[in-house]
Amino acid sequence: MEMQSDFDRLFFFEHTRKTSEATYAKNPLDAGNIIKWGEALVELSQFQNVTDSKKMLQDGISKFEEALMVDPKKHDALWSLGNAHTSFAFLTPDQDEAKAYFDKASQYFEQAVDEDPGNDLYRKSLEVAAKVIFSYSSYALRDYYGIDNKGRSS
């Protein structure tokens, strides 16, 4: 059953990507459509190998940034940027580089909350990002330096 669900998701997001691309050709200033296109790319990235996934995530990030150039207050573009940066971080083996992506994600989630403070999803994403950054930093300290997050040797 899961395979059918994955196939349905793949089909849906590929259709969304193609539709958004066609709509963009007619109206390149439709920020909502550009965001939809970026979201489809982020979702499609989950079906790729790591190299192709990172490329799709970068393409999605570019779309979200383009949407913000059209409408700088689009909080859904800010949240989507946070989501894409989080996904990219999880695919990045270098811990310093990954942490930079987690930090960017957190900044975008915070901006989304600032633009739409009543949005529970945005607030929850910001909370989770803070926990991930803390956990990831703790893991990096322990793994690379042999110390815990309180500075004690392990």
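Summary table below
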read-out: Under the Karplus curve 6.51 cos²θ - 1.76 cosθ + 1.60, θ = phi - 60°, whole-Hz ³J(HN,Hα) for the stretch 78-94, x wherever Gly or Pro sits; value: 5, 4, 5, 4, x, 4, 5, 5, 5, 4, 4, 4, 5, 9, 9, x, 6
read-out: Solvent exposure ordering (accessible area, 1.4 Å, most first) of Leu121, Leu41; value: Leu121, Leu41
read-out: From phi via Karplus (6.51, -1.76, 1.60), per-residue ³J(HN,Hα) for the stretch 120-125 in Hz, x at Gly/Pro; value: 5, 4, 5, 5, 5, 4
read-out: Given Lys55/Lys131; Lys36/Lys74; Lys73/Lys124; Lys104/Lys131; Lys26/Lys104; Lys73/Lys99, the pairs whose alpha carbons are separated by over 24 Å; value: Lys55/Lys131; Lys26/Lys104; Lys73/Lys99
read-out: Tyr101, Tyr122, reordered so the largest accessible area comes first (probe 1.4 Å); value: Tyr101, Tyr122
read-out: Isotropically averaged projected area of the stretch 1-112, using the convex hull of Cα atoms (one quarter of hull area), nm²; value: 7.1 nm²
read-out: Glu21-Phe90 pseudo-label distance in nm [points 7 Å out on the Cα-to-Cβ vector]; value: 2.5 nm
read-out: For the stretch 28-45, 3J(HN,Hα) per residue [Karplus equation, 6.51 cos²θ - 1.76 cosθ + 1.60, θ = phi - 60°, Hz, x = Gly/Pro]; value: x, 9, 8, 4, x, 5, 4, 5, 4, 4, x, 5, 5, 4, 4, 5, 5, 4
read-out: 14 Å Cα-Cα reach of Lys63 towards aspartates and glutamates, excluding residues that sit fewer than 8 places from it in its own chain; value: Glu21, Asp30, Glu39, Glu43, Asp71, Asp76
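The values are calculated or read from the model by the stated rules, or taken from the named source; none is laboratory data. Nothing here was measured: the structure is a model prediction, and the numbers come from that model. All Cβ positions, even for glycine, are placed from backbone atoms using ideal geometry, and neighbour counts span all protein chains on display. Protein only, heavy atoms only, side chains kept; ligands, DNA and RNA dropped before computing areas. Shrake-Rupley method; radii C 1.70, N 1.55, O 1.52, S 1.80 Å.
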